[in-house]
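Accompanying notes for the structure given below.
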Amino acid sequence: MTPGRQPGKSRLALGLLIGLAQFALGGAVSPLQAAKAAGDETNVVNPDTGLAISGFDPVAYFTDASPKIGRPDMELSFGGVVWRFVNEGNRAAFAAHPEVYRPQFGGYDPVAIARGTSVPGHPLFWAVVGKRLYLFYSDTARAAFMADPGRIIDAAERKWPEVARTITH
């Protein structure tokens, strides 16, 4: 089990450590930004593995236009969860710009959020729209989203703060 998945790890402390390491190495994320991000985002985490989006590489959706399982030796802790990547380049891209690569709404289905509820998205039902990644509960939800993504994104953005408060960690 990697340190980021050990029970009892503080999300804030973990975010601070990541931020300090990235800042010391010349990264674009300050310790304060990392700590803020660690506490601000609600992410879908596989309860069996402790991995964000079940271990799929969030950058691969953009670079390969398909879901790819990340490697255990290519992990990064961010936002209180562990992310996996297929290669070092993808891990570095995510570390530099997590706001671009992590799924919107923490990986929860935007169609469900627009209806006022939280349903975890599945890494195999996905879309990149407006240079952002969205995960869906089912292919039916993905199809509904693709029929009018702007309307659903707007509705989900309005509902997300309220829905996010109802999600238990």
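The values are calculated or read from the model by the stated rules, or taken from the named source; none is laboratory data. All values reported here derive from a predicted model rather than from experimental measurement. Here the Cβ positions follow ideal geometry from the backbone for every residue, glycine too, while neighbour counts run over all protein chains shown.
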Which condition from (1) assigned to a strand (DSSP E or B); (2) without any contact (Cβ under 8 Å) to a residue 60 or more places away in the chain; (3) among the hydrophobic types (A, V, I, L, M, F, W, C) is the one that Val82 breaks? (2)
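One line per residue, one yes/no per condition, for (1) touching a Phe, Trp or Tyr at 6+ places or on another chain (Cβ under 9 Å); (2) surrounded by 18 or more Cβ atoms within 10 Å (Cβ to Cβ); (3) more than 16 Å from Pro67 (Cα to Cα):
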| position | (1), (2), (3) |
| --- | --- |
| Glu99 | no, no, yes |
| Pro103 | yes, yes, no |
| Gly121 | yes, yes, no |
| Leu124 | yes, no, no |
| Ala144 | yes, no, yes |
Please state which of the following conditions Gly150 fails to meet, knowing it meets all the rest: (1) touching a strand residue (DSSP E or B) at 6+ places or on another chain (Cβ under 8 Å); (2) exposed (fewer than 13 other Cβ atoms within 10 Å of the Cβ). (1)
Consider only pairs whose beta carbons are under 9 Å apart and that are at least six residues apart or on different chains; among these, list those whose first residue lies in the range 130-145 and is under 16 Å from Gly106 (Cα atoms) and in a loop (DSSP other than H, G, I, E, B) and whose second residue is of a type in the set (Ser, Thr, Tyr) and at pLDDT 95 or above. Tyr137/Tyr108
